[in-house]
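Any read-out appearing in this document is the output of simple, stated calculations on the displayed coordinates, not a laboratory observation. Here the structure is a predicted model, which means the values were calculated and not measured. All Cβ positions, even for glycine, are placed from backbone atoms using ideal geometry, and neighbour counts span all protein chains on display.
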Amino acid sequence: MKAHLSRRYLFSASHRLHNDAMSAEENRATYGKCNNPHGHGHNYVLEVTVSGPVDERTGMVCNLVDLDQFVEREVLERFDHQNLNTLPGFAGTVPTTENLCEQIYDILQRGFGYAHLEKVRLEETLMNSFEYAGGVELRK
Amino acid sequence: MVYLTRKAEFSASHYYHNPEFTPDENKRIFGKCNNPNGHGHNYALEVTVKGEVDQRSGFVVDLKQLKEIMNKEVLDALDHRFLNKEVPEFSRQIPTTENIAIAIWHRLEPKLRTAKLHRVRVYETPDLFVDFYGEA
């Protein structure tokens, strides 16, 4: 029987929203306070949802230890306490939470083999959250 | 179609153990959760039902009835229990969050008359939850 399992993780990072292809004025108009040249930070909440049949022998969709270790090694170590703008993944990409959400989805999609990745949800603040499921519609 | 979600909480203890595994396998696969004396959680339950809004009542479901069904079928059986020892489903199955969500679905689904069960969500901790949408 198929179930969905979701796990939440915390990391903190800074970023500045700025696109070199735009004029200074355009950047300010588009990104507002987020365009502050010195950057600013967030406590991000990452919610990873995987799915699969519940293994009859273990009662699990996948072992949480495997998911935790993968996310710790491949996601949190990469992004936690970093300035996102300085990371190779954002060399030509504005580190909006939309783009960060897609990058984290891709990392999990490529590397995590123990269950099917359903979606990645990323909370930037208590008021803003973003979800990405590889381009498909989300199940309500 | 409108979706309605009702929350509830229950506290219970459990442990993870498969008698078909060796002690070493049980320890390796289930880690701390394999302690035979059990450990506990404050579980949070979210039950989502769906249906058309009744023109006369304006309801998808009578919340009082839904609450009573949840109390009778789920909370009375699970709250303040040792799941492995006191809940029949878990004499054969390991009471993981996955299996708890599935068991709750099967307890609720046949009892709901007007609205249709859409999702059972069980939080073991605020950072870990399972969704079950039925067998389809």
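Cα convex hull, chain B: 112 Å³ per residue, rounded to a whole number.
In sequence order, the stretch A:42-49 has phi-based couplings of 9, 9, 7, 10, 9, 10, 9, 10 Hz under the Karplus curve 6.51 cos²θ - 1.76 cosθ + 1.60, θ = phi - 60°, and Gly or Pro positions carry x.
Across all directions, the shadow cast by the convex hull of the stretch A:5-68 built on its C-alpha atoms averages 6.4 square nanometres. Between the exposed loop cleavage positions of chain B, defined as trypsin sites (Lys or Arg not before Pro) in a non-H, G, I, E, B DSSP state with at most 16 neighbouring beta-carbon atoms within 10 angstrom, the longest gap is B:1-55.
Expressed in Å, the radius of gyration and Dmax of the Cα atoms of the stretch B:7-80 are 18.8, 61.
Can you list the residues of the stretch A:100-140 with backbone N under 16 Å from a point 7 Å past the Cα of A:His40, pointing along Cα to Cβ? The answer is A:124-129, whose backbone nitrogens lie closer than 16 Å to the label point. Per the Kirkwood formula on distinct C-alpha pairs, the Rh of the protein assembly as shown is how many angstrom? Hydrodynamic radius (Kirkwood, Cα pairs) of the protein assembly as shown is 20.9 Å. Seen from every direction in turn and averaged, the convex hull around the alpha carbons of the stretch B:85-136 projects onto 4.4 nm². Here is the link list: B:Lys7/B:Lys50; B:Lys67/B:Lys116; A:Lys119/B:Lys72; B:Lys7/B:Lys32; B:Lys50/B:Lys111; B:Lys27/B:Lys72. Which ones come out longer than 25 Å on Cα distance? Flagged as over cut-off: A:Lys119/B:Lys72; B:Lys7/B:Lys32; B:Lys27/B:Lys72.
For A:Ala13, the amide hydrogen comes within under 5 Å of the amide hydrogens of A:His42, A:Tyr44, A:His81, counting only partners 5 or more places away or on other chains and with H modelled in the peptide plane. Sequence-distant contacts, meaning Cα pairs under 8 Å at least 6 residues apart, place the relative contact order of chain B at 30 percent. Amide H contacts under 5 Å for B:Asp54: B:Phe59, B:Val60, restricted to partners 5 or more places along the chain or on a different chain, H placed in the peptide plane at 1.01 Å from N.
In this simple spin-label approximation, A:Val65 and B:Leu63 carry label points 7 Å from Cα along the Cα→Cβ vector, and these lie 4.4 nm apart.
Of the GluC sites (Glu not before Pro) found in the stretch B:66-106, no site is in coil according to DSSP while having at most 10 other Cβ atoms within 10 Å of its Cβ.
Taken over the stretch A:2-139, the alpha-carbon convex hull comes to 115 cubic angstrom per residue.
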